[in-house]
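Comments concern the structure below.
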Amino acid sequence: MSTRRDFLSALSNATLSFPDNTAARRMIAGTFGMEDYHRLLLSLYHVAHAVPDSTRLAAARCPDSLPQARQCLEAHALRVAPHAGLLRTDLTASGYAGPAPENTTPDPAAAAYITFNATLAETHPVARLAVIAVMDAISGSFSGNYIAKLLQSLPLRPSQIGFFFRQDDPATRPQPVLDVLEHLPLTAGDWAGMIDAATAAARLYRDVYSSAVAAPAPVDGLRRSA
């Protein structure tokens with residue numbers, strides 16, 4: 001039977017697996033170029049554009065018995081809503097001259113992550129909290145190191161990496177997901193679903209970072225939505 005302790009162990013493993021991606025390895029090695037940066041921002045733009053919708057959907061589909069989960073998901077949807085705009089600004093500020101992000105098509109890895117979250121919102125909405133926990137843990141554990149590497153290896157100013165430099169307003173920051181999960185009356189089946197969601201999300205998000213730096217230049221296309 002799966003428990004909260006099992007989930008926390010899976011969350012730790014999922015978080016620690018993140019650096020095993022091509023973009024992160026190139027950042028550490030100093031071989032991450034400006035074209036890599038732009039491709040990564042484009043992939044993350046598509047993810048950031050879709051995440052608020054899937055999170056709001058998950059909130060709407062939460063059972064009435066879990067109002068705290070619904071409130072957390074709604075708060076997170078508001079929290080991440082500005083991220084797509086930050087990524088668009090970073091692209092422009094860093095000299096990207098390709099098609100507008102909204103007129104490009106996400107690569108297969110980004111599309112897979114987007115679809116996963118949309119499906120999860122439909123089928124196991126509470127498990128969207130597990131994905132949020134993974135993303136928060138990855139950001140908290142690694143973002144500072146990668147920001148430093150970006151600034152060392154690319155001619156970028158902090159104003160050109162606003163997405164990675166972002167900080168939540170303490171006055172509007174949602175309650176930490178792990179605090180919410182500690183008080184939710186989840187079943188063993190719920191925890192098993194949370195473990196599966198955390199593990200899959202980490203793998204798919206890692207693929208986004210690997211695929212972006214190996215992808216061809218963006219082309220005009222229809223934007224996919226979650």
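The values are calculated or read from the model by the stated rules, or taken from the named source; none is laboratory data. On a predicted model such as this, the values are computed, not experimentally measured, just so you know. These accessible areas exclude ligands, DNA and RNA; they are computed on the full protein's heavy atoms, side chains included. Shrake-Rupley method; radii C 1.70, N 1.55, O 1.52, S 1.80 Å.
Heavy-atom accessible area of Thr31 with all protein chains present, probe 1.4 Å, nearest 10 Å²?
In the full protein context, Thr31 sits at about 90 Å².
May I ask you to evaluate 6.51 cos²θ - 1.76 cosθ + 1.60, the Karplus curve with θ = phi - 60°, for each residue of region 51-64 and list the ³J(HN,Hα) values in order in whole Hz, giving x for glycine and proline?
My calculation for region 51-64 gives 4, x, 5, 5, 6, 5, 5, 4, 4, 5, 9, 4, x, 4 Hz in order.
Suppose we look only past 22 Å in the calculated P(r) of the chain. What percent of the Cα-Cα pairs does that tail hold?
The share of Cα pairs beyond 22 Å in the chain comes to 50 percent.
Could you give P(r) for region 14-91, binned at 5 Å from zero, as whole percent values over all Cα-Cα pairs?
So the P(r) values, bin by bin, are 3, 14, 17, 14, 18, 14, 9, 6, 3, 1.
Glu182 accessible area, nearest 10 Å², 1.4 Å probe?
100 Å²
Accessible area per residue, 1.4 Å probe, Å², for region 70-186: what's the number?
Per residue, region 70-186 has an accessible area of 46 Å².
Rounded to the nearest 500, what is the chain's calculated 222 nm mean residue ellipticity when only DSSP H runs of at least 4 contribute -39500 (n - 2.57) each, over all residues?
For the chain, the value works out to -22000 deg cm²/dmol.
Solvent-accessible area of Val126, probe 1.4 Å, all protein chains present, reported in Å² to the nearest ten, please.
Accessible area, nearest 10 Å²: 10 Å².
By what distance, in whole Å, do the Cα atoms of region 130-210 stretch along each of the three principal axes, largest value first?
50, 34, 14
Can you sort Phe164, Phe7 by solvent-accessible area, 1.4 Å probe, largest first?
Phe164, Phe7
Scan around Thr104 for amide H atoms under 5 Å from its own, H built in the peptide plane at 1.01 Å from N, and keep only partners 5 or more places away or cross-chain.
Gly221
Taking θ = phi - 60°, what integer Hz values does the Karplus form 6.51 cos²θ - 1.76 cosθ + 1.60 yield along region 123-132, in sequence order, with x for Gly and Pro?
Each residue's phi maps through the Karplus curve to give 9, 8, x, 5, 5, 4, 5, 5, 5, 4 Hz.
Considering the chain as a Gaussian network with a 10 Å cut-off on Cα pairs, which listed residue, Arg128, Arg25, Arg70, attains the greatest mean-square fluctuation?
The residue with the greatest mean-square fluctuation here is Arg25.
Counting only protein heavy atoms and a 1.4 Å probe, tell me what percentage of region 35-124's accessible area is made up of carbon and sulfur.
Answer for region 35-124 is 56 percent, counting heavy atoms of protein chains only.
What do you get for Rg/Rh of region 69-180 when both radii come from the Cα atoms and Rh is the Kirkwood radius?
0.98
Whole-Hz Karplus ³J(HN,Hα) for region 74-83, in order, using 6.51 cos²θ - 1.76 cosθ + 1.60 and θ = phi - 60°, x for Gly and Pro?
4, 5, 5, 4, 5, 4, 8, 4, x, 5
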